[in-house]
Amino acid sequence: MLFLKKKIDMNICYESKAVCSTLTSAIKPCLNTLDFDTVIIDEATQATVLNSLIPLSHNVKRLILVGDQNQLEVFVESKFDYLRNTDYFKSFYNMALNKGAKYCFLDIQFRMHPQISEFPNRRFYDRMIGDAEELDGKRKIKAQNIDSDSHMIFYDVPDGVEEKVHHSYQNVKECEFVINILKSFSLLSNIDPNDIGVITPYRAQKLIIKEKLKDSGIKDYRRIKVSSVDAFQGSEKEYIIISVSKTQDFYNSKSFLKDFRRLNVALTRAKTCLIIVGNLKGFLTCNYWNDLYYFGKSKGYFKEFKNIIIKPKPLPAIIDIYDDSVDQRNIKSGLQLKEVESTISKSNVRVLWPDKSEDI
């Protein structure tokens, strides 16, 4: 059976014009005897030299590396610290650039609303990236508690306190604020949970947000992606909420927040609306975040969260009912509210709004 599966896999690969694979899967038996004219490595900044060499064993004539040196580099976990500093565990993409490899700069972005792309373009790309023409009109905000022209929003949580949890950080007040935003999206807006992402630099904050989501009452909460900045590289969502978590000393030598590439990744995942939640004064402790703070302030992106109260529908003066045990055509119409109670007590009934198809 295993032999048959391998033969089928091999036939599929032989007959395919293009083969998609991870770097390490490029040594699978079904690919062993195949040669490729061209190999394209996507997210190449996150591929080590050693891993990048694997697909090159197929007599490759041309290698194309696709990546962004202003976003996250490869991270290698090793108990031997000295190995992390060797060339073998560095990004093949960045090494090639440093050696003078030719490159083509793609200068049009098709993801973000122009309000979202403006700061990264200014701060990290020297204003060299343009926005595709249709983006301004395509990215429409559906959230009822967000102004239709607010595609980038800062919410201040001044009373949030960072708490150290093992080697990570959590911020309970910030977590509660994020959950309130997600609840408002769920209750007030026609937003698919698959279109929402929550990014945080810290594992402890990710875990507490996931835990609070379980008890939030949000329908389909599991479809909301909550993850780290690193896990979001290469992904996109219509709505992104960034939970900063830390409130002070962003530039600490061990802080994830001091890495401009991590900030760049977080800011460039949203297509329609980017919401940044944190203690905004803490931004002033690190140059990149300081620039983001003054950019948002100058643009008027600091907002007050509109926590809209959902009011129940008022009961109508006249109600129609019908008995579930009989044909629905025998509906008793035009009952006054005081008549409904006595009728319900006598039979199994369903109450209907007048002139509406929905049940209550």
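The values are calculated or read from the model by the stated rules, or taken from the named source; none is laboratory data. Just so we're clear, the structure is a prediction, and the values are computed from it rather than from any experiment. Don't worry about glycine lacking a Cβ; one is built from the backbone with ideal geometry, like all the others, and counts go over all protein chains shown. All accessible areas refer to the heavy atoms of the entire protein, side chains included, with ligands and DNA or RNA removed. Shrake-Rupley method; radii C 1.70, N 1.55, O 1.52, S 1.80 Å.
Rounded to whole Hz and in sequence order, give me ³J(HN,Hα) for the range 197-204 from the Karplus expression 6.51 cos²θ - 1.76 cosθ + 1.60, θ = phi - 60°, writing x for Gly and Pro.
Going residue by residue, I get x, 10, 10, 9, x, 10, 4, 4 Hz, with x marking Gly and Pro.
Please report, in cubic angstrom per residue, the volume enclosed by the convex hull of the alpha-carbon atoms of the range 89-226. Display every interim value, and only then the final one.
Working: hull volume 23.6 nm³, N = 138.
Taking only Cα atoms, the range 89-226 has a hull volume of 171 Å³ per residue.
Rolling a 1.4 angstrom probe over the protein chains, ignoring ligands and nucleic acids, what is the accessible area of D249 in square angstrom, nearest 10?
Solvent-accessible area, nearest 10 Å²: 80 Å².
Can you tell me which of 66-74, 200-208 comes out highest on packing, and rank the rest after it, using the mean Cβ neighbours within 10 Å?
Numbers: 66-74: 17.4, 200-208: 23.1.
Final packing ranking: 200-208, 66-74.
Quick one: which residues, 5 or more positions from V226 or on another chain, have an amide H under 5 Å from its amide H? H modelled 1.01 Å from N in the peptide plane, none for Pro or chain starts.
Under 5 Å from the amide H of V226 lie the amide H atoms of V198, each far enough along the sequence or on another chain.
Run the count for the range 15-117, please: Lys pairs, Cα-Cα under 18 angstrom, 8 or more apart or on different chains.
Going through the range 15-117 pair by pair, I get 5.
What accessible area per residue comes out for the range 1-122, rounded to a whole number of Å², with a 1.4 Å probe?
The answer is 70 Å² per residue.
Using the Karplus equation 6.51 cos²θ - 1.76 cosθ + 1.60 (θ = phi - 60°), what ³J(HN,Hα) coupling, rounded to whole Hz, does each residue of the range 259-272 give in order, writing x for Gly and Pro?
Each residue's phi maps through the Karplus curve to give 7, 4, 5, 5, 5, 4, 4, 4, 6, 10, 8, 8, 9, 10 Hz.
I'd like the accessible area for R123: 1.4 Å probe, protein heavy atoms, all chains in place, Å² to the nearest 10.
R123 has an accessible surface of roughly 80 Å² with all protein chains in place.
Kindly state, to the nearest 0.05, the FRET efficiency for L50 paired with Y103, given R0 = 30 Å and r defined as their beta-carbon distance.
Computed FRET efficiency for L50 and Y103: 0.85.
What number, in percent, do you get for the relative contact order of the range 1-135 if the mean sequence gap of Cα pairs under 8 Å and at least 6 apart is divided by its residue count?
19 percent
For the range 174-202, list residues with backbone N below 13 Å from a point placed 7 Å from the Cα of E211 toward its Cβ?
175-176
Please work out how much accessible surface E134 shows to a 1.4 Å probe, ignoring ligands, DNA and RNA, in Å² rounded to 10.
E134 exposes around 80 Å² with every protein chain in place.
If you average the sequence gap of Cα pairs under 8 Å that are 6 or more apart and divide by the length of the range 190-257, what percent do you get for the contact order?
48 percent
For the range 1-143, with all protein chains present and a 1.4 Å probe, just round the carbon and sulfur fraction of the accessible area to a whole percent.
55 percent
Answer rounded, prolate or oblate for the range 180-273, using the Cα gyration tensor with square roots of eigenvalues a ≥ b ≥ c: rounded when a/c is under 1.5, else prolate when a/b is larger than b/c, else oblate.
Working: a/c = 2.34, a/b = 1.60, b/c = 1.47.
Prolate, because a/c is 1.5 or more and a/b exceeds b/c.
Determine the per residue accessible area of the range 212-264 with all protein chains present and a 1.4 angstrom probe, expressed in square angstrom. Walk me through the intermediate numbers first.
On the way: 2580 Å² over 53 residues.
It amounts to 49 Å² per residue over the range 212-264.
Share of Cα-Cα pairs in the range 167-214 beyond 17 Å, in percent? Numbers along the way, then the final one.
Working: 373 of 1128 pairs.
Percent of Cα pairs beyond 17 Å in the range 167-214: 33.
So if R0 is 45 Å, what FRET efficiency would K297 and F110 give, r being the distance between their Cβ atoms, rounded to the nearest 0.05?
It comes to 0.95.
Run the Debye formula on the Cα coordinates of the range 1-142, all scatterers equal and no solvent, and tell me log10 I(q)/I(0) at q = 0.09, 0.17 1/Å.
-0.43, -1.03
Can you work out ³J(HN,Hα) from phi for every residue in the range 102-107, in order, using Karplus 6.51 cos²θ - 1.76 cosθ + 1.60 and θ = phi - 60°, giving whole Hz and x for Gly and Pro?
Karplus-based 3J(HN,Hα) across the range 102-107 equals 6, 9, 10, 8, 7, 10 Hz.
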